[in-house]
Amino acid sequence: MQMRLDKLLASTGRWSRREVKELVRRGRVLVDGAAPKSAEEKVEGESAHIRVDGEEILYREFTYIMLHKPAGVLCATDDARQETVVDLLPRELQRRGLFPVGRLDKDTEGLLLLTNDGALAHALLAPKKHVDKVYYARTDGTLTKSDCDAFAQGMVLADGLQCLPAELTILRAGETSEALVTLREGKFHQVKRMLAARGNTVTYLKRLQMGTLRLDESLDAGAYRALTEEEVENLRRSCV
Ligand code: URA
């Protein structure tokens, strides 16, 4: 399939179209071994050998973005009034129909995968796959070994929701506490509700990991980057 070079490179999420133009102008892009005359040149998407600064760039049908979601932004594709996670991405990526894989509450920060690969998203979210999600939580209230035991056994919440066994690792216990929570499912407000059931109010929540994908700590809140080939492959392998 023929497509414009700038569109193809921008679809990876690594460069904007303007940046591609600059890369081409500086001779840093090679298509089948030759420098293209313009960023708008048409290339064979699937078969062209494209290199940027010597690195081979593979055309991907789908786009995979890791966003460090900041607090205060809605985990949705669009909203009439509130800023959404998709609004944090540049135009080129907004046009690619990306959606968040799973939900984080408005006040939750951390790892969010955005993609237009419906099959991978579906597999990652399928209840039967039990893809682990790891959260860092700060709470008002102390945490003890009995809370860890309750998490491990699989709690039943006040509204009757039966939770799968989960892991609670206490990092610091006191009047306010810190912990890591690992869930194998993703029910509405689940971390907050499980900790509330143990008498703790969550004051800060950040997702650190989803399956094999870890939040890149070099990303500030609100920043994003494309997943590497290896990250995409590992995710695929973990849930197919
Ligand atoms: N659990 C919660 O309570 N909130 C989130 O955003 C994610 C998991």
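Could you work out the local net charge near Leu161, counting Lys and Arg as +1, Asp and Glu as -1, over the other residues with Cβ closer than 9 Å to its Cβ?
Here the count lands on +1.
Give the calculated FRET efficiency between Arg91 and Arg184 to the nearest 0.05, with a Förster radius of 35 Å applied to their Cβ-Cβ distance.
0.45
Any of Lys7/Lys106; Lys128/Lys192; Lys129/Lys187; Lys69/Lys187; Lys128/Lys206 with alpha carbons more than 26 Å apart? Name them for me.
Correct reply: Lys7/Lys106.
Relative to the compact-globule scaling 2.2 N^0.38 Å, provide the ratio for the alpha-carbon radius of gyration of the chain.
Expressed relative to 2.2 N^0.38 Å, the Cα Rg reads 1.19.
With an 8 Å Cα cut-off and a minimum separation of 6 or more residues, compute the relative contact order for the range 2-57 in percent.
38
Rounded to the nearest 500, what is the 222 nm mean residue ellipticity of the chain from helices alone, with -39500 (n - 2.57) per DSSP H run of 4+ residues and division by all residues?
Taking each H run of at least 4 residues, the total per residue is -6000 deg cm²/dmol.
Farthest toward the dipole's positive end in the range 2-57, which of Ala10, Ile50, Gly33, given Cβ charges of +1 (Lys, Arg) and -1 (Asp, Glu) about the Cα centre?
Ala10
If the viscosity is 0.692 mPa s and the temperature 37 °C, what Stokes-Einstein diffusion coefficient in µm²/s follows for the range 2-57 when Rh is the Kirkwood radius over Cα pairs?
Using the Kirkwood radius from Cα pairs, D works out to 306 µm²/s.
Please give the direction-averaged projected area of the C-alpha convex hull for the range 132-210, in square nanometres with one decimal.
4.4
Taking θ as phi - 60°, what are the ³J(HN,Hα) couplings along the range 82-88 by the Karplus curve (6.51, -1.76, 1.60), each to the nearest whole Hz, with x for Gly and Pro?
Those phi angles translate into 9, 5, 10, 4, 5, 5, 7 Hz.
Taken together, the values in this text are just the output of simple stated rules run on the coordinates, not laboratory data. It should be emphasised that the depicted structure is a prediction, and the values quoted were computed from it without experimental measurement. Glycine also receives a Cβ, built like all others from the backbone with ideal geometry; neighbour counts cover every protein chain displayed.
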